[in-house]
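I have placed the structure first, in the form of structure tokens, so that the comments after it can refer back to it.
The values are calculated or read from the model by the stated rules, or taken from the named source; none is laboratory data. Model, not experiment: these values are computed from the prediction. Reconstructed Cβ throughout: ideal geometry from the backbone, glycine too, with neighbour counts over all protein chains shown. These area figures cover heavy atoms from the full protein model, side chains too; ligands, DNA and RNA do not enter into them. Shrake-Rupley method; radii C 1.70, N 1.55, O 1.52, S 1.80 Å.
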Amino acid sequence: MKENTKIEDKSFRGLNLQLKQWGSEDPLQDVVRKALQKPRIFKDRRVMRSDYIPGNLPHRSEHIRRLGEILSPSLRLSRASNVFIYGKTGTGKTAVVKYVFNRFREAAELEGLPLQFTYINCRIAGTEYRVLAELCESIGVKVPFTGLSKAEVFNRFRSSLREKNTILITCLDEIDILVKNYGDNLLYELTRVNESFDTGGLNIVGVSNDLHFKELLDPRVLSSLSEEELVFHPYTAPELVDILMERATIAFYPGTVPEEVVKLCAALAAQEHGDARRAIDLLRVAAEIAERSGAHIVEEKHVRLAQNMIERGRIFEALSTLPLHSKLVLTTLYLLARNDIHNLTSGPLYETYREICSLLGIEPLSDRRVSTLISELDMLGVLKSEVVSLGRYGRTRRITIMTPLDEVQQVIESDELLKSLLNYKPIVKDKYSL
Ligand SMILES: Nc1ncnc2c1ncn2[C@@H]1O[C@H](COP(=O)(O)OP(=O)(O)OP(=O)(O)O)[C@@H](O)[C@H]1O
Ligand SMILES: [Mg+2]
């Protein structure tokens with residue numbers, strides 16, 4: 001501790017000297033001084049990052065043990081069952097698989113067993129080719145970034161696996177993304193790799209947070225993939241408190257994060273579905289806000305601010321990744337609402353949408369397609385679309401934007417194409433309002 005103080009004293013002396021040399025006019029002087037002199041809350045920032053794998057996973061011992069048992073035949077060099085793991089986001093699926101793989105890898109290395117463990121995130125890998133290439137690389141087979149056919153890469157993988165006579169245990173995380181984009185052919189082929197093997201082979205641990213994913217699989221693929229199944233339930237608020245407490249002790253200086261703050265983060269995350277990632281993010285962002293504002297302790301207000309920030313970030317992320325025409329429909333609604341035209345009917349919405357498309361030189365979609373996009377946006381909670389009766393004039397759809405306008409504005413501002421529309425005033429007619 002003494003050592004630490006000395007180092008800090010020395011660094012501040014150096015800093016003061018340097019800041020004098022910068023001159024009082026330097027716009028960065030204040031920023032740098034604040035950044036370095038602020039009371040510190042974080043002892044080890046890494047621990048609060050989502051890719052950090054804790055040495056201990058509270059409330060998942062049972063899952064760790066089950067997965068270990070299922071994979072244990074591999075330590076006797078017999079092929080274990082394939083496992084399919086599913087559960088909602090943030091329930092510890094990836095953390096548990098990585099934990100078990102790390103322990104098994106250590107044991108295999110100690111015993112000198114011909115066992116390999118590889119973790120592939122299918123969303124990050126992106127394509128079937130990349131998944132196959134990563135499988136190859138995990139057994140030491142180099143594959144060019146492009147240029148080979150999938151069949152060729154697959155053959156290289158299979159023959160090398162046979163030649164090396166090794167057991168490869170692979171986790172295909174977010175496996176649903178692969179199947180949604182490419183179908184289940186690759187999985188089918190992978191689950192059959194072992195048929196021609198006497199010893200060695202491939203063992204798959206499939207992971208998904210899409211509970212309906214199984215419906216997309218051919219029954220043959222499903223039965224080989226889920227020889228065993230593990231379900232991860234959402235954490236309860238008290239379980240999240242334990243998880244957060246464990247991390248907080250390593251991540252923060254003593255006394256900087258009171259128990260009430262941890263409990264609040266846990267309770268807020270549990271309100272949705274007991275997502276540990278959300279709880280950890282909330283605590284990390286709250287601590288960052290507190291630190292930036294110069295506070296010594298994280299308080300409830302910092303958690304509330306963090307929640308707001310995260311929520312806004314999520315909305316931004318969801319809206320900015322919408323397909324172009326959905327964004328155009330949203331922009332249309334935004335421009336109309338900014339001009340005090342709320343509660344509009346579908347006819348005038350289509351009209352303004354077409355107007356905007358022509359301004360941007362984009363071919364508009366048919367009214368029917370736009371109507372489908374409106375229903376999709378309704379399902380996402382971005383807008384509300386309801387059928388209303390116009391008395392003797394029949395029925396129509398009333399569409400109301402539900403997302404705060406300043407949040408939609410941020411999305412439009414961040415889009416190179418759409419931002420030119422921000423100051424556009426649609427031609428307003430009486431008939432727009434209902
Ligand atoms: N029991 C636990 N103890 C400590 N940390 C945990 C625990 N469960 C999850 N975490 C942490 O919460 C975060 C989310 O967990 P993880 O990535 O394993 O979720 P997931 O179920 O794979 O979610 P997704 O379906 O979104 O991929 C990670 O930072 C992980 O380290
Ligand atoms: Mg995961």
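Structure values in brief
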{"quantity": "Helix-only CD estimate at 222 nm, as mean residue ellipticity for the chain, using -39500 (n - 2.57) per DSSP H run (n ≥ 4)", "calculated": "-17000 deg cm²/dmol"}
{"quantity": "Count of lysine pairs in region 322-432 with Cα separation under 21 Å (8 or more residues apart, or interchain)", "calculated": "4"}
{"quantity": "For a label point 7 Å along the Cα-to-beta-carbon line of Asp367, residues of region 328-352 with backbone N under 13 Å", "calculated": "345-352"}
{"quantity": "Heavy atoms of Lys263 accessible to a 1.4 Å probe, total area in Å² rounded to 10", "calculated": "100 Å²"}
{"quantity": "Anisotropy class of the chain from Cα gyration tensor, a/c 1.5 cut", "calculated": "oblate"}
{"quantity": "Magnitude of the charge dipole, the chain, Cβ model with Lys/Arg +1 and Asp/Glu -1, debye to 20", "calculated": "560 debye"}
{"quantity": "Solvent-accessible area per residue for region 235-321 (1.4 angstrom probe, square angstrom)", "calculated": "48 Å²"}
{"quantity": "Full-extension gain in nm, Arg392 to Arg162, via 0.36 nm per residue minus C-alpha separation", "calculated": "75.3 nm"}
{"quantity": "Exposure of Lys384 as accessible area (Å², to 10), given a probe of 1.4 Å and all protein chains", "calculated": "90 Å²"}
{"quantity": "Within region 61-232: Cβ-based charge dipole about Cα centre, in debye rounded to nearest 20 (Lys, Arg +1; Asp, Glu -1)", "calculated": "240 debye"}
{"quantity": "Rough spin-label spacing in nm, given labels placed 7 Å along Cα→Cβ, for Asn339 and Thr321", "calculated": "3.3 nm"}
{"quantity": "Ranked order, Met379, Met48, Met309 - accessible area, probe 1.4 Å, largest first", "calculated": "Met379, Met309, Met48"}
{"quantity": "Label-point gap, in nm, between Thr236 and Tyr424 - each point 7 angstrom along Cα→Cβ", "calculated": "5.4 nm"}
{"quantity": "Rounded accessible area of Tyr334 (nearest 10 Å², 1.4 Å probe)", "calculated": "10 Å²"}
{"quantity": "Vicinal HN-Hα couplings computed from phi for region 392-408 (Karplus, 6.51 cos²θ - 1.76 cosθ + 1.60; Hz; Gly/Pro x)", "calculated": "6, 8, x, 10, 8, 9, 9, 10, 10, 6, 10, 8, x, 4, 5, 6, 5"}
{"quantity": "For the chain, built as a Gaussian network whose Cα springs stay under 10 Å, the top-fluctuating residue of Glu260, Glu152, Glu300", "calculated": "Glu152"}
{"quantity": "Prolate/oblate/rounded label for region 71-215 (Cα gyration tensor, a/c 1.5)", "calculated": "oblate"}
{"quantity": "Region 235-321, relative contact order [Cα under 8 Å, separation at least 6], %", "calculated": "30 percent"}
{"quantity": "Probe 1.4 Å, all protein chains present, accessible-area order of Ser358, Ser81, Ser208, Ser196, largest first", "calculated": "Ser358, Ser196, Ser81, Ser208"}
{"quantity": "Percent carbon-and-sulfur accessible area, the chain, ignoring ligands, DNA and RNA, probe 1.4 Å", "calculated": "51 percent"}
